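Have a look at the structure that comes next, please.
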Amino acid sequence: MPVAASLRALLVRSIDYAGMFPPCSFELEPALKNQSEYVRSTDSWMLSAFVLPVGKFSDAAALVSQFDKHHPLRVSALGAKTENAANFQTELKNAADAIRSFQNQHADLVSIAQLEMFFPDLDLAKLSDAAGLLTDLKLQTFWETPAESAEETIALIARAKQSAFGYKLRTGGVTADTFPGSVQIAQAILASTKHHVPIKFTAGLHHPIRQFRDEVKTEMHGFLNVLGAGVLSAEHHWDEAQTVDMLEDQNAKSFEFHDTVFAWRDWEITLDRIKARRKFVTSFGSCSFDEPREDLRALTFLS
């Protein structure tokens, strides 16, 4: 059974493989080996970038021969996390220099598509300074702040008028306290739509449908819930309550994928509109590329 066109549109290049991070926590070499296999798999259309800490670029240089010009290593560079503005500026400059060098040295094998970085004490002046450091790199940058400040941060990013800047929302972790509530996720999604700021998600989204997971002792958000709410809320101008309703749906039968539309309950979005809305609901980081695929197959969404 071929993949429904609407599922493909919703999930194309949606998974940033973060195999080096918890709970999988692979070393660099096996994580890159996995990536080299994934880019050659029949499911590679779902794969976006490999999340690679900037501090690991030199170690990765010895391993990029696993890739080729037809199957390049597409990277989401992860900048160092800092606690204050002064250290942030230093680490951002270091990241920009490392990206230039790594890209130039391995141009035929490596494509650095985006930068992800925690931004402490974010304000308009600091965003302007950051833009100056990154302007020649031509990559999408996602700034992370705590979930409770998502709306404020997204509005600031919009005011900076930097089309290459987006927002990164942490949607989970390995303990219950790292999972934001559905209201916080809904508020971030709606703010992204309102201000036309791209948003990506990270952590806690291994599974398609929201469900209680004993390993974290809480409800884990589902990536079909989150991405689906992202496109449907924008298309139908949902309010917070309606968006939360979809984020909290644990019934897989509520989700239908056809070649012309994606439907959740009585709400539909056509193929071309999914593609348009996905420009602002971009991807999610996952330490596993296998679990999302296996779960989709178990639900018969993926053959």
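The values are calculated or read from the model by the stated rules, or taken from the named source; none is laboratory data. Values in this document were obtained by computation on a predicted structure and should not be read as measured data. Cβ sites come from the backbone with ideal geometry, for glycine too, and all protein chains shown count toward neighbours. The accessibility values were calculated without ligands, DNA or RNA, using every heavy atom of the protein model including side chains. Shrake-Rupley method; radii C 1.70, N 1.55, O 1.52, S 1.80 Å.
Work out, step by step, the length gained on full extension between E256 and A113: first 0.36 nm times the residue separation, then minus their alpha carbon distance; give nm to one decimal.
Extra length from E256 to A113 when fully extended: 48.4 nm.
Please compute the per residue accessible area over the chain with all protein chains in place, 1.4 Å probe, rounded to a whole number of Å².
On the way: 13110 Å² over 303 residues.
Accessible surface, normalised per residue, equals 43 Å².
Using DSSP, restrict attention to beta bridges with both residues in segment 1-131 and report what percent are antiparallel, rounded to the nearest 5.
Values: 1 of 13 bridges.
The antiparallel fraction comes to roughly 10 percent.
Picking from A263, A77, A31, which is most flexible by a Gaussian network model of the chain using Cα springs under 10 Å?
Highest fluctuation among the options: A263.
Given the C-alpha centroids of segment 41-78 and segment 141-190, what is the distance between them in whole angstrom?
Each part's Cα centre sits 25 Å from the other's.
Now for a separate question. So how far apart, in nm, are the two label points at T178 and A263 if each is 7 Å from Cα heading toward Cβ?
3.8
Between A131 and D245, what is the spin-label point distance in nm, taking each point 7 Å from the Cα along the Cα→C-beta axis?
Going from the A131 label point to the D245 one covers 3.9 nm.
Also, quick follow-up: In nanometres, what is the gap between the two model label sites at S58 and D123, each 7 Å from Cα along Cα-to-Cβ?
Once both label points are built, they end up 3.6 nm from each other.
Counting Lys +1, Arg +1, Asp -1, Glu -1, what net charge surrounds R293 among other residues with beta carbon under 15 Å of its beta carbon?
-3
Here's something else I'd like to know. Considering only DSSP beta bridges where both residues belong to the chain, give the percentage that are antiparallel (nearest 5).
Beta bridges within the chain, antiparallel portion: roughly 25 percent.
With springs only between Cα atoms under 10 Å, which of A125, A85, A155 fluctuates most in a Gaussian network model of the chain?
The residue with the greatest mean-square fluctuation here is A125.
Given contacts defined as C-alpha pairs under 8 Å and at least six residues apart, what's the relative contact order of the chain, whole-number percent? It would help to have the intermediate numbers written out before the result.
Working: 563 pairs, mean separation 63.2, N = 303.
Relative contact order of the chain: 21 percent.
Where the only charges are on Cβ atoms (+1 Lys, Arg; -1 Asp, Glu), what is the dipole of the chain about its Cα centre, to the nearest 20 debye?
820
Only bridges with both residues in segment 197-303 count here: give the DSSP antiparallel percent, nearest 5. All intermediate terms of the calculation are to be shown ahead of the outcome.
Numbers: 10 of 13 bridges.
For segment 197-303, the DSSP antiparallel bridge percentage is about 75.
Connecting C-alpha atoms closer than 10 Å in a GNM of the chain, tell me which of S163, S182, S288 has the biggest fluctuation.
S163
Let me ask something else. On a 26 Å Cα-Cα criterion, which of the cross-link pairs K126/K275; K33/K93; K168/K275; K161/K279; K168/K253 come out too long?
K126/K275; K33/K93; K168/K253
Now a separate question. Taking 0.36 nm per residue of sequence separation and subtracting the Cα-Cα distance, how much length would be gained by fully extending the chain between S25 and R100, in nm to one decimal? Mind dumping the intermediate values first?
Details: separation 75, 0.36 × 75 = 27.00 nm, distance 2.69 nm.
Taking 0.36 nm per residue and subtracting the Cα distance, the gain is 24.3 nm.
Using a cut-off of 16 Å between alpha-carbon atoms, which aspartates and glutamates can reach K81, once sequence neighbours fewer than 8 places away in the same chain are excluded?
The reachable aspartates and glutamates, counting only those whose Cα sits under 16 Å from K81, are E91, E116, D121, E144.
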